[in-house]
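The values are calculated or read from the model by the stated rules, or taken from the named source; none is laboratory data. Everything numeric in this text was worked out from a predicted model, so none of it was measured. We place every Cβ from the backbone using ideal geometry, glycine too, and count neighbours over all the protein chains shown. Quick note on the areas: whole protein, heavy atoms, side chains included, nothing else; ligands and nucleic acids left out. Shrake-Rupley method; radii C 1.70, N 1.55, O 1.52, S 1.80 Å.
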Amino acid sequence: MPMYQVKPVSPGDIKIDLPTCMYKLPNIHAQGMNCSEHALQNGEVDPALKALEDRQDEVLRRLYELKTMVDGLTKTVSTPDADLDATTLSHAPAESVFRGTADLDSLLGKDLGALRDIVINANPARPPLSLLVLHGLLCQRYQVLSSVHLHSSVSAVPSPLMSCLGPRHIDSYARHRFQLGFTLIWKDVSKLQMKFSTQNMCPIEGEANVARFLFRLLGAEPQDPVAATQMDSWIDTAVFQLAEGGNKERAAVLRSLNGALGRSPWLLGQEFSLADVVCACCVLQAGQTASAPANVQRWLKSCQNLGHFDCVYPLLQ
């Protein structure tokens with residue numbers, strides 16, 4: 001038996017029509033129906049659709065610009081593989097000895113708004129002296145934003161290594177004002193490695209190969225195939241025999257240098273080249289300055305007088 005009864009408040013025969021679809025559209029394919037408002041003839045594009053496409057293109061363009069700005073901002077606060085940021089910019093005092101020109105767009109890819117940053121991982125136990133010299137030459141040619149970082153795999157490095165690229169630049173926060181980025185990371189690596197674009201190129205390993213890449217940015221590589229071959233030969237000799245060889249190999253290289261420098265002021269004749277940069281740095285780093293022959297010592301003095309090697313000597317002490 002029910003507890004209580006309630007009288008109905010509405011008649012029981014009320015019928016409610018429930019919708020079977022969310023909304024209805026006119027059938028544009030129906031016979032005799034005017035379709036001019038929905039479809040255009042002769043392949044013309046609906047102005048509303050065209051406006052929607054234009055709006056989509058504008059949104060995508062603004063999103064790309066925003067992404068570029070964010071990519072630039074992330075480089076100012078953090079760099080891949082780095083834990084300590086010490087952004088700097090060098091200004092070499094000497095005038096550049098190279099007069100050539102290079103197209104950065106053809107060598108590094110088209111500038112799309114983000115700073116083109118060259119990232120180098122180097123072991124602090126063996127500083128890449130030749131790359132520091134080339135960095136100074138690049139600073140004379142371009143507006144270069146330089147930065148030094150310390151990776152977590154290295155506990156500490158001497159202060160000269162953290163300041164090897166020069167003092168901090170006052171405009172380092174405005175990355176769009178620079179043409180090129182030069183990032184040096186002190187890291188526990190077995191071989192020096194350079195990364196530029198992970199999408200368009202593979203990493204470059206070895207100080208000599210990275211030096212060749214940076215030298216191309218100066219637009220000063222020899223146009224004569226014979227001179228270019230001689231330059232590569234001197235670079236390989238310096239790296240594999242002078243820097244990594246034994247005492248006998250070093251002595252043989254010093255004799256070869258002495259003979260070549262007895263015939264001309266520089267290794268390729270009358271012009272200073274990458275061969276002089278790499279060979280001089282290898283001689284200095286190997287500690288062979290005092291025992292070097294007369295022509296080699298005169299040549300080292302000439303390199304020092306250029307002013308491009310001023311960044312190297314503090315690291316040799």
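Of the helices (runs of 4 or more DSSP H) entirely within segment 221-310, those holding at least 1 residues that are open to solvent by 40 Å² or more (accessible area, probe 1.4 Å) and aromatic (F, W, Y) occupy 225-237. Considering segment 218-238, and only residues there that are hydrophobic (A, V, I, L, M, F, W, C) and at pLDDT 90 or above, the residue that is nearest to the chain's Cα centre (by Cα) turns out to be I235. Take segment 167-188 and flag every residue that is modelled with pLDDT of 85 or more and open to solvent by 30 Å² or more (accessible area, probe 1.4 Å). Matches in segment 167-188: K187, D188. Scoring M194 on the criteria (1) open to solvent by less than 60 Å² (accessible area, probe 1.4 Å); (2) more than 27 Å from G181 (Cβ to Cβ) leaves a single failure, condition (2).
The C-beta contact set for segment 137-150 (first residue under 27 Å from D276 (Cβ atoms), second residue in a helix (DSSP H, G or I) and open to solvent by 10 Å² or more (accessible area, probe 1.4 Å), distance under 6 angstrom, 6+ apart or interchain) comprises V148/M162. Within the bounds of segment 258-274, is there any residue that is under 26 Å from L165 (Cα atoms), modelled with pLDDT of 90 or more and aliphatic (A, V, I, L, M)? Yes, there is a match, as at least one residue in segment 258-274 is under 26 Å from L165 (Cα atoms), modelled with pLDDT of 90 or more and aliphatic (A, V, I, L, M).
Do we find that V148 is modelled with pLDDT of 90 or more, under 15 Å from I185 (Cβ atoms), open to solvent by 10 Å² or more (accessible area, probe 1.4 Å) and of a type in the set (A, V, I, L, M, F, W, C) in this structure? The answer is no for V148.
Quick check on Q304: is it without any contact (Cβ under 8 Å) to a residue 60 or more places away in the chain and closer than 22 Å to R141 by Cα? In short, yes.
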